[in-house]
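Notes for the one structure printed next.
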Amino acid sequence: MRVADSLDRPLRALRVSVTDRCNFRCPYCMPRERCADQHPFLDRGQVLSFEEIERLVRVFVGLGVEKVRLTGGEPLLRHDLPSLVRRLRTIQGLRELTLTTNGVLLDDLAKPLRTAGLDRLTVSLDSLDPARFASLSDSQIPVERVLAGIEAARAAGFSPIKLNCVVQRGQNEAEILALADFAREQDHSLRFIEFMDVGTGNGWQLDRVVPAAEVARVLASRWPLEPVRRDCPNCVAQHWRYLDGHGEVGLIASITEPFCQGCDRARLSAKGTLYTCLFASEGLDLKTFLRTGASDTDLKAMVESRWRRREDRYSECRTNATTPRPKVEMFQMGG
Ligand code: SAM
Ligand code: SF4
Ligand code: SF4
């Protein structure tokens, strides 16, 4: 079944947040002053159970979703995550099941996740420098833990592993070449992401964004590149190929070259709210319907009607006035 929104964009991808908790406090996502350890995170009863997640994902797949990405918060903090992967793997029509993580717990979990049927892994890595990594994650957990996690993922059979790096002016822009070098040498697939004005508390300012075009220039100054044309209207990344045969690099220009036209992605938060845009200020509370006896047919009708009314194109309309607008935080919605 194909459901299209008011701009004729199909519903094809779903991000499922399994927790709003995290072992990092990256200032661009969960700044510690707003998100202390005593922050009122969701308690167990508020979070969707694996059974509820599976049921909702089946409903979404019935509406055309082919790709599901598990996320958070930090998804590996959710107890027994491989058993959720096993459940989701049984859903017919789900073509791709992936996960985004900060990598800290991969050492233990990469193998069980692979065995459970996870297709691909993305690990966030903003710096290789120990001091900068500590400041960008605002944590005591050393970057070596993440690097060990990436190795464990490779040993478990994930290949290539995707790496996400958010570039911030004045923070890690000087590491673009070092990160690219690491990815090239290790055969990882690296994507540089523009710093976004998600939520309300991360102090985003346009002058802290390093445009993707600038990242491309820095990379090309060391390794000549050519753009890769993909017949993929819903691709968010621009792909570039290294002419020396060392693979590709992706650039996600959410700020300077928005891609709302091709946006086919919904988000289901850990507490069961459906959001149709990363910059949304409100969503549809599916959990209450689910827990008060709604049938699968009812749930499907609710999601379908919400998607059909969807008009979101925040990034194409971003101005100084939209940035301070109340928005749900990324760790609460599912990044
Ligand atoms: N905790 C996991 C992780 O960090 O990979 C998954 C959730 S995190 C919210 C998902 C992705 O969002 C990460 O790659 C992170 O770097 C990115 N992210 C968070 N805040 C961002 C921001 N303000 N701008 C751009 N990307 C951001
Ligand atoms: Fe945690 Fe990921 Fe947000 Fe960093 S980006 S605070 S690792 S959820
Ligand atoms: Fe999709 Fe919203 Fe991002 Fe546009 S701003 S690409 S509609 S999530």
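Bear in mind that the values in this text are calculations on the coordinates, not laboratory data. Keep in mind that what you see is a predicted model, and the values were worked out from it rather than measured. Note that each Cβ is placed from the backbone with ideal geometry, even for glycine, and that neighbours are counted across all protein chains shown.
Observations
- For the pair Asp108 and Ser295, a Förster radius of 35 Å applied to the C-beta separation gives a FRET efficiency near 0.35, rounded to the nearest 0.05.
- Rounded to 5, the percent of DSSP beta bridges in the chain classed as antiparallel: 30
- With R₀ fixed at 41 Å, the C-beta to C-beta distance from Arg169 to Asp80 puts the FRET efficiency at about 0.55.
- Between Cys317 and Arg222, full extension at 0.36 nm per residue minus the direct alpha carbon distance yields a gain of 30.7 nm.
- Sites Ser281 and Arg55, calculated FRET efficiency, Cβ-Cβ separation with R0 30 Å, nearest 0.05: 0.65
- Histogrammed with a bin width of 5 Å, the alpha carbon distances of the range 72-144 distribute as 3, 15, 24, 21, 15, 10, 7, 4, 1, 0 percent, first bin at zero.
- Exposed GluC sites (Glu not before Pro) absent: longest stretch of the chain, with sites in DSSP loops and at most 16 other Cβ within 10 Å deemed exposed: 67-281
- Between the Cα long axis of helix 50-62 and the first principal axis of the chain there is an angle of about 90°, rounded to the nearest 10.
- Candidates Pro160, Pro224, Pro211, ranked by Gaussian network fluctuation over the chain, Cα under 10 Å, top entry: Pro224
- The region of the chain that goes longest without hitting one of the trypsin sites (Lys or Arg not before Pro) in a DSSP loop, each with at most 14 other Cβ atoms within 10 Å, is 96-228.
- For the chain, with +1 on Lys and Arg beta carbons and -1 on Asp and Glu, the positive-most of Met196, Thr115, Val143 along the dipole: Thr115
- Only helical runs count toward this figure. For the chain, summing -39,500 (n - 2.57) over DSSP H runs of n ≥ 4 and dividing by all residues gives -9000 deg cm²/dmol at 222 nm.
- Size of the chain from its Cα atoms: along the principal axes, largest to smallest, the extents are 58, 42, 41 Å.
- Once the gyration tensor of the Cα atoms in the range 146-218 is diagonalised, the equivalent ellipsoid follows with semi-axes of 26, 15, 9 Å, ordered largest first.
- In the chain, a dipole from Cβ-located charges (positive for Lys and Arg, negative for Asp and Glu) runs towards its positive end, and of Asn102, Ala183, Gln46 it is Gln46 whose Cα lies farthest in that direction.
- Tensor-based shape of the range 1-54 (alpha-carbon gyration tensor, a/c under 1.5 rounded, otherwise prolate or oblate): oblate
- Cβ charges +1 (Lys, Arg) and -1 (Asp, Glu), total dipole of the range 13-333, debye: 800
- Among Cys260, Cys35, Cys232, the largest mean-square fluctuation in a Gaussian network model of the chain (Cα springs under 10 Å) belongs to Cys232.
- Full extension of the segment from Glu257 to Ile91, taken as 0.36 nm per residue of separation minus the current Cα-Cα distance, would add 56.3 nm.
- Toward the positive end of the charge dipole of the chain, with +1 on the Cβ of Lys and Arg and -1 on the Cβ of Asp and Glu, the farthest Cα among Leu219, Cys26, Leu286 is that of Leu286.
- Entries of Lys67/Lys287; Lys162/Lys327; Lys67/Lys300; Lys300/Lys327 with Cα pairs more than 19 Å apart: Lys67/Lys287; Lys162/Lys327; Lys300/Lys327
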